[in-house]
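Student: There's a structure below that I have some questions on.
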Amino acid sequence: MNKKNLKNPADSFWNINSYSKVSRRKQAITTARGTLPKGNNDNSPKAAFIGNTSLKLHSYINGFIGLCFAMVLLFPLSGCKQETKANGPEYGNSPALQTKPVYHFVVHPLHNPVMLMRSYQPLMDYLNKKIKGAEFILEASRNYASFEEKYKNRKPEFLLPNPWQTLQAIKSEYTVMAMAGEPEDFKGIFIVRKDGGINEPANLMGKAVSYPSPTALAACIMPQYFLYTHGININKDITNIYVGSQESSIMNVFLKKTAAGATWPPPWRSFQKTQPNEAAQLKVLWETEPLINNSVMVRNDIPSNIRNQVQKLLTDLNKSKEGKNILENMETARFIKATNKDYDVVQKYIDRFEKQVRKIDIK
């Protein structure tokens, strides 16, 4: 393409304006000459000075007018037809559309993520149906460490942690609002194969034991304390294998990778329902003393009207048929009102465990 044929959209305007400039320039010279005093001719220095000055003045004025006119042509009615949306509040006769606040409900790894979503999603559906102007989303965690990282960073609005995690979450400014399940149901149990030859704690000497996580209270800390009180040094006499979930701890026993697996009642009941053939080859050999059950916690900056509605709906679940079905799906008897103070007993238990058995670390 010939570069000479490339034209700016405003070329026609500038050509017209250039013609206007030439015409006005001639007129300015003529006018300037006409105002000279008599006796002066066109070639006098004074006439030339006046003419040139007048010519420059008109040239500047014409140039400025031309520029303004060009701006009008290039940006037509920009102030009238185009509206710039201002930052800040909008005002009008009708209320602006508002999106619902979203609250994440994060449950510690009671089950693998798929099973956990299946068990707890009906509860989220119930909360979303009952609480207007808010949305509740269930969130699973890959493992205990992932779950613990979330509340350390204060990301979830609602938590369902185990009692040890409850103590840690209090430090991150979460508050206990309820206990999930009966206290008597919170205990550790040991699963072994029926044909495994394990009958007493001494039979585990030199063998492997599986647990979900070193921070799982009912499924690890309490079983390890049980072994300690029955003469087993868990740091030397056995191999401790942390496998990430309750189901995995049980399956390691079924697959003969470990001689015993620690868990607690709800996952074992669920395993018996979902995998009856495998469960038929296993049995509960020992159980620990019970403690306080898992908590439900809310982040301290969540509005009180939301937390109060959630607490009431949870604690009233066992009063309706729909609520009882939800509880059964979660392997939970009921939710009971609770406070931070109720979990002081856990701190005493942990202090004793760390003094006698091992330190509890978040990996």
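Student: How far, in nm, would the chain grow between Lys130 and Asn233 when pulled straight, counting 0.36 nm per residue and subtracting the alpha carbon separation?
Tutor: Full extension of this stretch gives 32.0 nm more.
Student: Tell me, how many Å apart are the Cα centres for the range 101-159 and for the range 182-255?
Tutor: That distance is 27 Å.
Student: Also, I was wondering about something else. Please list 3J(HN,Hα) in residue order for the range 334-345, calculated via the Karplus relation 6.51 cos²θ - 1.76 cosθ + 1.60 where θ = phi - 60°; whole Hz, with x for glycine and proline.
Tutor: 5, 9, 10, 4, 8, 9, 4, 4, 5, 9, 4, 4
Student: Under 5 Å between amide H atoms, partner at least 5 residues away or on a different chain: which partners does Ala260 have, H built in plane at 1.01 Å?
Tutor: Ser210
Student: Right, something else. Can you tell me how much longer the chain between Asn340 and Lys171 gets when fully stretched, taken as 0.36 nm per residue apart minus their C-alpha distance, in nm with one decimal?
Tutor: 59.7 nm
Student: Using a 1.4 Å probe, what is the accessible area per residue for the range 155-220, in Å²?
Tutor: 30 Å²
Student: Please work out whether the range 210-363 counts as rounded, prolate or oblate from its C-alpha gyration tensor, where a ≥ b ≥ c are the square roots of the eigenvalues and a/c under 1.5 means rounded, while otherwise a/b larger than b/c means prolate and anything else oblate?
Tutor: Cα axes put the range 210-363 in the oblate bin.
Student: Would you mind getting the accessible area per residue of the range 245-287, heavy atoms of the protein chains only, 1.4 Å probe, in Å²?
Tutor: It amounts to 42 Å² per residue over the range 245-287.
Student: Is the shape of the range 102-217 best called rounded, prolate or oblate, per the rule: a/c under 1.5 gives rounded, else a/b larger than b/c gives prolate, else oblate, with a ≥ b ≥ c the square roots of the Cα gyration tensor eigenvalues?
Tutor: prolate
Student: Now a separate question. Can you pull the percent of the range 246-363's accessible area that's carbon plus sulfur, 1.4 Å probe, other chains left in place?
Tutor: Carbon plus sulfur share of accessible area: 48 percent.
Student: How far, in nm, would the chain grow between Gln272 and Lys324 when pulled straight, counting 0.36 nm per residue and subtracting the alpha carbon separation?
Tutor: 16.7 nm
Student: With every protein chain left in place, what is the accessible area per residue of the range 289-363 in square angstrom, probe 1.4 Å?
Tutor: Counting only protein heavy atoms, the per-residue value for the range 289-363 is 56 Å².
Student: Mind checking the range 145-184 for chymotrypsin sites (Phe, Trp or Tyr not before Pro) that DSSP puts in a loop (not H, G, I, E or B) and that have at most 11 other Cβ atoms within 10 Å?
Tutor: When the chymotrypsin sites (Phe, Trp or Tyr not before Pro) of the range 145-184 are filtered for loop state and at most 11 Cβ neighbours within 10 Å, nothing remains.
Student: Roughly to the nearest percent, how much of the accessible area of the range 146-199 is carbon and sulfur, given a 1.4 Å probe?
Tutor: 44 percent
Student: Once the Cβ-Cβ distance between Ser304 and Ser146 is put in as r, and R0 is 51 Å, what FRET efficiency do you end up with, to the nearest 0.05?
Tutor: Using R0 = 51 Å, I get an efficiency of 0.95.
The values are calculated or read from the model by the stated rules, or taken from the named source; none is laboratory data. Just so you know, these numbers come straight off a predicted model, no measurement behind them. Neighbour counts are summed over all protein chains in view; Cβ atoms, including those assigned to glycine, are modelled from backbone coordinates with ideal geometry. Please note that ligands, DNA and RNA were not included when accessible areas were found on the heavy atoms of the full protein model with its side chains. Shrake-Rupley method; radii C 1.70, N 1.55, O 1.52, S 1.80 Å.
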